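Structure record follows, encoded as C-alpha cells.
The values are calculated or read from the model by the stated rules, or taken from the named source; none is laboratory data. Just so it is clear, the model here is predicted, and its values are computed rather than measured. Please note: Cβ atoms are built from the backbone with ideal geometry, for glycine as well, and neighbour counts cover all protein chains shown. With ligands, DNA and RNA removed, areas are computed over all heavy atoms of the protein, side chains included. Shrake-Rupley method; radii C 1.70, N 1.55, O 1.52, S 1.80 Å.
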Amino acid sequence: MPMKLLENPTVKATVRDAVLIVVGCAAFGLAFNGLRPSGGIPVVQREEYDLLVPCPDISAEVDPLEPTDPRLGAERTLVIDAREAEAFAAWHHASARNAVYDFLDPLPEETVREIARSGAAMVAVYGDGADPDTGRELAKEIASKGIRNVYFVRGGAPALRERSTAR
Amino acid sequence: MKRFASWPGHAWIALPVRVYLAAIFLLACYHKILDPHAFALDVATYQILPLALVNLMAIVLPWIELATGVMLLVGLRTRPAALLIAGMMVVFTMALSIALAKGLDMSCGCFASQGADEDPISWTTLVRDAVWLAMAAYVLFFDKRPLGLDRLLERRGPPVAAQPNP
C-alpha cells in the first residue's frame, strides 16, 4: 500500500521534497554547529548526561561543594537556601530559592517535584553552616528522594556570604 | 469525499492554520538554535533516543522546525513542509506518551521561554500535540493549491504543452 501510494506523482514529489528539506537542514545544522564561535556541541555525545529525573536509586549521601566552586554560578545549577525565610530575606545567594528545612517535618512532595522539573543539571543546597548544617540535612533529604547530583555548600550561608563580601 | 477534498475554499481555511503552525514552530526552534546543549539535555531527559543520537537530533531538528515554519508561512513547498510537521508531531506525541507512561516528571522542552516549572508534560500536552498534528494533516491533505509562493510560482510556471488533437 505505501509503495502504491508513492507511485502517485504528487505524493512522490511531496515525499522527495520533504527528504530534500531534511537533508538540507541536516547539512546546514551540522555546518552551523561546527562554525559556532562557542564550538557547538559534539555531534556524538559519549558521556551520559546528568539528568534530574527521580529514580529508585536512593542514596542519602551527599558530597560537599566549596563556596568558591564556579558551578554555583552556572546556569543549570539550582541553588537552594535551606534557612528560615527571615534569614533568606536578609541575605541569600543571587540565584537561590528558599526551601526551609525543618528537622522534624519531611520535605514537601511539591518541593521535590519542583526540583525534578527544574531542568537543572545540579542542585547545590546551603544552610546555616552550623552543626548539624541545615543545608547538608536538606541536601541529604533531597538525594534520598531519588534526585541525583545534589551537593551541600561547605560552611553554608556564612561561608558564601563571606566569599561574596570578599569579592 | 473527493468533491470535498477538491473544494477550493480549503486554501482559505488552511491559511490561518498554516500561519498558526508556522508561528508555533518558529517560536519552538528559537531557543533550540540558540542553546543546543540545553535542548540536547531536554532530548536526553525523555530517555528514548540512544545517547549517540541525542546531540545529532538537537543539532538538526531545530533547523527543520525553522525551515518548515518559514515554508508554511510563505506558502513555499507547503505540502512537503506540512508532511514534515505532521511527522515531527507524530514523533513528539509518541515521545510524550512514552515519557508519561514511564511517569517521568519533567519539562516538555518544547519552548524555552516557558521554564521547566511552567511547562511540565501532562496529558494536556499530549492533546495539544494531537491538535497540532490534526492541523498539519489538514494542510497536507486538503490545501492542494496553497495561497502563497506555491500558487504564485504555479501561475508563472511554463505554459502547459498543447495537447495533440486525437
Can you compute the modelled spin-label distance between B:Val90 and B:Met57, with each label point 7 Å from Cα toward Cβ, in nm? 1.6
Using a basic spin-label model with each label point 7 Å from the Cα along Cα→Cβ, how many nm lie between A:Arg163 and A:Val19? 5.5
Rounded to the nearest 500, the 222 nm mean residue ellipticity computed for chain B from DSSP H runs (n ≥ 4, each -39500 (n - 2.57)) alone is -23500 deg cm²/dmol
Accessible surface of chain A [probe 1.4 Å, protein heavy atoms]: carbon and sulfur percent: 57
Once you've got the GNM for chain A with C-alpha springs shorter than 10 Å, pick whichever of A:Thr77, A:Thr68, A:Thr134 has the biggest mean-square fluctuation. A:Thr68
Give the whole-number value, in cubic angstrom per residue, of the convex hull volume spanned by the C-alpha atoms of the protein assembly as shown. 186
One finds, for B:Arg145 and A:Arg71 with R0 = 41 angstrom and r their Cβ-Cβ distance, a FRET efficiency to the nearest 0.05 of 0.15
How large is the helix-only mean residue ellipticity at 222 nm for chain A, computed as the sum of -39500 (n - 2.57) over DSSP H runs with n ≥ 4, divided by its residue count, in deg cm²/dmol to the nearest 500? -12500 deg cm²/dmol
Over 27 Å between C-alpha atoms is what I'm after, so list which of A:Lys4/B:Lys2; B:Lys32/B:Lys144; B:Lys32/B:Lys102; A:Lys12/B:Lys32 land there. B:Lys32/B:Lys144; A:Lys12/B:Lys32
Beyond 21 Å, what percent of the Cα pairs of chain B remain? 53
Normalised by the number of residues in chain A, what is the relative contact order in percent for Cα pairs under 8 Å and 6+ residues apart? 27
Between A:Ala89 and A:Arg113, what is the label-to-label distance in nm when each label sits 7 Å out along the Cα-to-Cβ direction? 2.8
For the range B:119-140 and the range A:96-115, what is the separation of their C-alpha centers, rounded to whole Å? 34
Partner shielding of B:68-80, as the mean number of partner chain Cβ atoms within 10 Å, equals 2
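May I ask you to compute the full-extension gain from B:Leu126 to B:Ser6, defined as 0.36 nm times their residue separation minus their alpha-carbon distance, rounded to one decimal in nm?
Extending this stretch completely gives an extra 40.1 nm.
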Within chain B, the cysteines whose Cβ lies no closer than 4.7 Å to any other cysteine Cβ are B:Cys29
For the pair A:Val44 and B:Leu34, what calculated FRET efficiency results from E = 1/(1 + (r/R0)^6), where r is the Cβ-Cβ distance and R0 = 22 Å, to the nearest 0.05? 0.50
Label the range A:29-167 by shape, choosing from rounded, prolate and oblate, from the square roots a ≥ b ≥ c of the eigenvalues of the Cα gyration tensor; if a/c is under 1.5 it is rounded, and otherwise prolate applies when a/b is larger than b/c, oblate when it is not. oblate
Taking only Cα atoms and a 10 Å spring cutoff, compute GNM fluctuations for chain B and point out the largest among B:Phe25, B:Phe39, B:Phe141. B:Phe141
Need the full-extension length gain, B:Tyr20 to B:Leu152, defined as separation in residues times 0.36 nm minus the C-alpha distance. One decimal, nm. 45.4 nm
